[in-house]
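What follows is a short report on a single structure.
The values are calculated or read from the model by the stated rules, or taken from the named source; none is laboratory data. Owing to the predicted nature of the structure, the values given are computational and were not obtained by experimental measurement. As a convention, Cβ positions derive from the backbone with ideal geometry for all residues, glycine included, and neighbour counts pool all protein chains shown.
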Amino acid sequence: MTPPDQRMPDRDAPDQPESTGGMRSDNSPTPGVFPASESLRPTLIGDRYMIAAGHPLVAHVCATILEQGGTAIDAGVAGGLASNVVQADMCNLGGIAPIVLRQAGEARVWAVSGVGTWGRAATIEAFRDRFGDDMPLGVGVGVVPAAADAWLVALERFGTKGLAEVAEPAVQFADAGFPLDRRTASAYGILGRTFQQWPSSAAVYWPNGRPPSVGERLRQPALATTLRRLVEAEQGDDRASAIAAARDAFYKGAIGREIAAWCQAHGGWLDEQDLKSFASTVDPAPFVSYRGHRVFTPPTYTQGPIMLMALKLLQRFDLASLGHNSADTLHLIVEALKLAFAERERAMADPLFAAEPLDALLSDSHIDDLARSIDHAVAIPDPHEATVQRARPKADTTYLCVIDAEGNAFSAMPSDTIDGGPVIPDLGILVSPRGVQSSNRPGHPNALAPGKRPRITPAPALSLGPGDDPRVLAFGCPGGDVIIQAMLQAFINVVDFGMTFQQAVEAPRLASFCFPGSFFPNPHFPQRVDVEGRVAPHVRAELASRGHALSDWSDWEFDAGGTAMVGDVADPGANGRVLGAGADPRRTTYAWGR
């Protein structure tokens, strides 16, 4: 990455005496020595570890594990489990948790899928016979809960600690509870609008028959019991086999049977065999090179490859010379994303079912063909049917990333929110409703099918810079179809425009919605681009003149995502790493390091 410019601006003027520091001011009531802050929050700097997470308590859990001698991967799993408790408004142990990670000294980045599959009985014909053209939220769109598997597989294969140690903070938060901050309490109020149909969820999250208030404690005793059952099942001759036994308790034991029974009793498709046969895939993560940096995301069971494709398109242009957030730069970003999202709709799906391999989609020849469509002066005509459907209200996702002094890196995006389906009372988890991101249209590349994963929006990322000991950067963002758009802009802010990590995540951004959305009923808004208010008026006017249908976001729009990144701020050397972190103030995203 381009090293951030850490030099202070020159504030001396010819007619001023040389400054003597902050203790004296000769010509002004204030010294005027120090420059204004370069960002709302500081870019944290450390040399032992760096963390950014969707909630301060999750960052604290990660730091605790690192202080106890764990690696970034141990800490990431502990933080992921804690997020399933502390951020139950944003993710769930019964939900999804795609992960990309890197072990110290390795050039390879691994993708742990963490995405559940449809049950064996869930054919598109059977689904449409039951629901017609609808995809109602609830157990009917449930796929195998995969987050638990993702955390356990990552810990078993790539970690160093046992489950009991990394799960302890999550158990304590679920059992004893924790006080709700204002934003989290508000989220439970908003999400709880669905609880009239799901009394099991209301009993946990609206225990007093109303939305929780700031400062009230959220306790999740059934979830605490489920976590303890996993820890108690951690028995074996060595660490790996013991963790595998805990995993079997969830998918092949009593917990799995309880999940299957709940699904069968409430109109779902999953049975015991669906859970017994499930396993997250662990594969080398696909990547592209951008300005000498290899950028990795999970495969096409996520939308990560959209960012890879857009980066390959943008590499053909000198963005730095066009200027940060200039009309020319933002136009190119929108056009590259528009082309990549069109490819998502045309060809991207669970790679085990996709007709077109990702290598072909990312090939130089295919990217060249797409790039010919880009006109610097005019927006590409909308390639989709020009209809706008009413968007179904949706919640969100969370994100966490950790890098340690050795260069181990963990980047995960857990999701599935409590407005998507009812909590199983005795387990305290829901059945991942992520099937709502499959298509119910026969012939669509992302059409649901037995054993198939929906193509999900969460897509964590890592990048490795050039060199034998490359710079490592982990980054991600919640926000549905905005996820990879915000991630791409933050990454470009660092690589092309030399921003610090904090500056990169704070900078104003935009997002295109000129494609069928990921969530049923897949709303499509022709040429629509939402733009934060901090983007200059003359830039907005120029974008509109090129054919983009602009819509206003606030200056610090929640729906623009909560981007986080941690990584090396200099080339690793003999004296070790120097790490930095950035956390988006648009949300409760929080960074910590040492």
Residues in the range 173-200 that are in a helix (DSSP H, G or I), touching an Asp or Glu at 6+ places or on another chain (Cβ under 9 Å), of a type outside the set (Ser, Thr, Tyr) and crowded, with 16+ Cβ neighbours inside 10 Å: how many?
5
Within the range 549-578, the residues that are crowded, with 22+ Cβ neighbours inside 10 Å, assigned to a loop (DSSP other than H, G, I, E, B) and under 19 Å from the mean Cα position of the chain (by Cα) are Gly561, Gly562, Thr563
Checked pairs for the range 485-499, first among the acidic types (Asp, Glu), second in a helix (DSSP H, G or I), C-beta under 9 Å and 6 or more apart or across chains, list as Asp496/Leu314; Asp496/Leu319; Asp496/Ala320; Asp496/Thr329
Near pairs, Cβ below 6 angstrom, 6+ apart or cross-chain, from the range 420-438 (touching a residue at least 40 places away in the same chain (Cβ under 8 Å) and within 19 Å of Ala224 (Cα to Cα)) to any residue that is surrounded by fewer than 24 Cβ atoms within 10 Å (Cβ to Cβ) and among the aromatic types (Phe, Trp, Tyr)
Pro422/Trp198; Ile424/Trp262
Given Thr194, Thr160, Thr184, which one is within 30 Å of Asp283 (Cβ to Cβ) and within 27 Å of the chain's Cα centre (by Cα)?
Thr160
Matching entry among Arg128, Arg41, Arg48 (being farther than 18 Å from Thr398 by Cβ, touching a Gly at 6+ places or on another chain (Cβ under 9 Å) and either modelled with pLDDT of 95 or more or not charged (D, E, K, R) (or both)):
Arg48
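For (1) surrounded by fewer than 24 Cβ atoms within 10 Å (Cβ to Cβ); (2) farther than 30 Å from Phe158 by Cα; (3) in contact with a Phe, Trp or Tyr (Cβ under 6 Å, 6 or more places away or on another chain), each residue gets a yes or a no:
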residue: Tyr399; (1), (2), (3): no, no, no
residue: Ile429; (1), (2), (3): no, no, no
residue: Ser432; (1), (2), (3): no, no, no
residue: Ser439; (1), (2), (3): yes, yes, no
residue: Ala447; (1), (2), (3): yes, yes, no
residue: Arg453; (1), (2), (3): no, no, yes
residue: Thr457; (1), (2), (3): no, no, no
residue: Pro470; (1), (2), (3): yes, no, no
residue: Ala474; (1), (2), (3): no, no, no
Please name all residue pairs, on different chains or six or more residues apart, with Cβ atoms under 8 Å, provided the first residue is in the range 161-176 and is farther than 17 Å from Gln235 by Cβ and the second residue is polar (S, T, N, Q) and assigned to a helix (DSSP H, G or I).
Pro169/Thr64; Ala170/Asn84
Here is a list: Ala536, Ala581, Ala541. Which entry is crowded, with 17+ Cβ neighbours inside 10 Å and of a type in the set (A, V, I, L, M, F, W, C)?
Ala581
Members of the range 209-248 found to be under 18 Å from Asp181 (Cβ atoms), among the polar types (S, T, N, Q) and surrounded by fewer than 16 Cβ atoms within 10 Å (Cβ to Cβ), listed by number:
Ser213
Out of (1) at pLDDT 95 or above; (2) over 20 Å from Pro470 (Cα atoms); (3) in contact with a helix residue (DSSP H, G or I) (Cβ under 6 Å, 6 or more places away or on another chain); (4) not acidic (Asp, Glu), the one Ser518 does not meet is (1)
Does the range 399-427 hold any residues that are under 11 Å from Gly476 (Cα atoms) and among the hydroxyl-bearing types (Ser, Thr, Tyr), and which are they?
Tyr399, Ser411
Restricting the range 299-329 to residues that are out of contact with any helix residue (DSSP H, G or I) (no Cβ under 6 Å at 6 or more places or on another chain), touching a residue at least 60 places away in the same chain (Cβ under 8 Å) and aliphatic (A, V, I, L, M), the residue that is farthest from Ala146 (Cα to Cα)
Ala320
Within the range 511-528, is there a residue that is assigned to a loop (DSSP other than H, G, I, E, B) and farther than 30 Å from Asp133 by Cβ?
no
Six or more apart or on different chains, Cβ under 7 Å: which pairs go from a residue in the range 553-569 that's over 18 Å from Val531 (Cβ atoms) to one that's assigned to a loop (DSSP other than H, G, I, E, B) and aromatic (Phe, Trp, Tyr)? Could you list them?
Ala564/Tyr399
Restricting to the range 273-293, and then to whatever is within 20 Å of Leu230 (Cα to Cα) and crowded, with 17+ Cβ neighbours inside 10 Å, can you tell me which residue is nearest to the chain's Cα centre (by Cα)?
Ser280
Tell me, please, whether a residue that is at pLDDT 95 or above, within 19 Å of Ala122 (Cβ to Cβ) and hydroxyl-bearing (Ser, Thr, Tyr) can be found in the range 244-262.
yes
Given the condition of a type outside the set (Ser, Thr, Tyr), touching a strand residue (DSSP E or B) at 6+ places or on another chain (Cβ under 7 Å), over 29 Å from Pro454 (Cβ atoms) and surrounded by fewer than 24 Cβ atoms within 10 Å (Cβ to Cβ), answer yes or no: does some residue in the range 496-512 qualify?
no
Of (1) touching an Asp or Glu at 6+ places or on another chain (Cβ under 9 Å); (2) in a loop (DSSP other than H, G, I, E, B); (3) at pLDDT 95 or above, Ile403 satisfies every one except (2)
